[in-house]
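Down below is the structure, laid out as C-alpha cells.
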Amino acid sequence: MDLSQLYFSKTFTENNIDLDSSTVMKRIAVRGIVVNDGKLLVVHSQLKGDYKLPGGGKKEGETELLALQREIGEECGVLVDGEAFVKVGDVLQYKSSIEKEIDVFINDSRYYFCDVSEIGYQDVASNLDDYEDALGFEAMWLEIDEIWTIQKTLLGKKDSTPNKWIRREFWVFEMLKNHKNEFCLK
C-alpha cells in the first residue's frame, strides 16, 4: 500500500489562545516513524515514563530530511536511509509560550516514515540536549500496542505532570496502532 494514502493531520489548541492579537512564534519540527522487525523506534523518558517519536526542531538552512537524519542520529544512534522518506502526517499545536515576549507558540510537527540504514552508528549520550539528558532519554524498539497502553495509562493519571508532547504523540501512536499492518508494525 502507498503510505501517502494514509496521510494524517491534527490540530491541538490550548484554551484561551488568541491568534489574531498575539505575538506568535512558529517552530517546524520533524519526527520519524522508523520500523525494524515490526517494532517502532521511540524515545523513552526515564524521568516521566512516556514515549515520543524521535525528532525535533529544524535548524535554519536545514532541509526537513537532513534535520530528521540529524535528530534520529542524535537521540537514537540510528542512521536512516536518506533516499527512503515518505511524509505521512502533520500535527499542529497552538499553546502558550514560555517566553515573555511571545504570546503563542506554534509547533508544526511533520511526520515521516523512514527506513533504517544502520543501528548504533553514533554515540547517543554525547549528543543529547541538556533537557533531553535531564529527562533521561533512551532509545527503544517496542511494539505499538505496548507503547499505546503505557501512554494511555499516563494520560489518565490525575496526579502526574506529563511531558508537553504526550497528547500529540498519543494521538499519533493511536493512528499507527489503527494502521499497524500498513506501517509493518506488530
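The values are calculated or read from the model by the stated rules, or taken from the named source; none is laboratory data. Small disclaimer: the values here were computed from a predicted structure and weren't measured. Cβ atoms come from the backbone with ideal geometry, glycine included; neighbour counts cover every protein chain shown. The area values use the complete protein model at the heavy-atom level, side chains included, leaving out ligands, DNA and RNA. Shrake-Rupley method; radii C 1.70, N 1.55, O 1.52, S 1.80 Å.
For the structure I just gave you, tell me whether residue 48 is part of a loop (DSSP other than H, G, I, E, B) and either of a type in the set (Phe, Trp, Tyr) or in contact (Cβ under 8 Å) with a residue 12 or more places away in the chain (or both). Full working, then the answer.
Numbers: part of a loop (DSSP other than H, G, I, E, B): yes; either of a type in the set (Phe, Trp, Tyr) or in contact (Cβ under 8 Å) with a residue 12 or more places away in the chain (or both): yes.
Against the criterion (part of a loop (DSSP other than H, G, I, E, B) and either of a type in the set (Phe, Trp, Tyr) or in contact (Cβ under 8 Å) with a residue 12 or more places away in the chain (or both)), residue 48 qualifies.
As for segment 57-66, it holds no residue that is among the polar types (S, T, N, Q), loosely packed, with under 14 Cβ neighbours inside 10 Å, within 30 Å of residue 153 (Cβ to Cβ) and out of contact with any His (no Cβ under 9 Å at 6 or more places or on another chain).
Contact annotation: residue pairs with Cβ atoms under 8 Å, 6 or more positions apart or on different chains, pairing a residue in segment 2-31 that is within 26 Å of residue 68 (Cβ to Cβ) and assigned to a strand (DSSP E or B) with a partner that is open to solvent by 80 Å² or more (accessible area, probe 1.4 Å) and at pLDDT 85 or above, are 12/167. Taken over segment 155-169, the criterion of being surrounded by 18 or more Cβ atoms within 10 Å (Cβ to Cβ) and out of contact with any Lys or Arg (no Cβ under 7 Å at 6 or more places or on another chain) is satisfied by 166, 168.
When segment 1-51 is limited to residues that are of a type in the set (Phe, Trp, Tyr) and in contact with a Leu (Cβ under 8 Å, 6 or more places away or on another chain), the one that is most open to solvent (accessible area, probe 1.4 Å) turns out to be 12.
Quick one: which of 94, 112 is under 13 Å from the mean Cα position of the chain (by Cα), of a type in the set (Phe, Trp, Tyr) and under 30 Å from residue 14 (Cα atoms)?
Numbers: 94 fails: under 13 Å from the mean Cα position of the chain (by Cα).
Sole residue among the options that is under 13 Å from the mean Cα position of the chain (by Cα), of a type in the set (Phe, Trp, Tyr) and under 30 Å from residue 14 (Cα atoms): 112.
Would you be able to tell me the number of residues in segment 51-87 that are part of a strand (DSSP E or B) and either within 21 Å of residue 146 (Cα to Cα) or under 12 Å from the mean Cα position of the chain (by Cα) (or both)?
If we filter segment 51-87 for residues that are part of a strand (DSSP E or B), which is where we start, we get 51-52, 55-57, 78-87.
Checking the rest, the ones that are also either within 21 Å of residue 146 (Cα to Cα) or under 12 Å from the mean Cα position of the chain (by Cα) (or both) come to 51-52, 55-57.
The number of residues fulfilling the criteria is 5.
Cβ-Cβ distances below 8 Å connect the following pairs, each with a first residue in segment 136-158 that is small (Gly, Ala, Ser), a second residue that is open to solvent by 50 Å² or more (accessible area, probe 1.4 Å), and a separation of six or more residues or different chains: 136/46; 136/47.
Working only within segment 80-103, note down all residues that are in contact with a Phe, Trp or Tyr (Cβ under 6 Å, 6 or more places away or on another chain) and open to solvent by less than 40 Å² (accessible area, probe 1.4 Å). Walk me through how you get there before you give the answer.
We begin by selecting, within segment 80-103, every residue in contact with a Phe, Trp or Tyr (Cβ under 6 Å, 6 or more places away or on another chain); these are 85-89, 93, 95, 97.
Result: 85, 88, 89, 93, 95, 97.
Which number in (1) touching a His at 6+ places or on another chain (Cβ under 8 Å); (2) outside any strand (DSSP E or B) marks the one condition that residue 161 misses? With (1) touching a His at 6+ places or on another chain (Cβ under 8 Å); (2) outside any strand (DSSP E or B) applied to residue 161, the lone miss is (1).
Please work out if residue 77 is surrounded by 13 or more Cβ atoms within 10 Å (Cβ to Cβ) and closer than 17 Å to residue 39 by Cβ. It would help to see each step written out before you state the result.
On the way: surrounded by 13 or more Cβ atoms within 10 Å (Cβ to Cβ): yes; closer than 17 Å to residue 39 by Cβ: yes.
So residue 77 passes the test.
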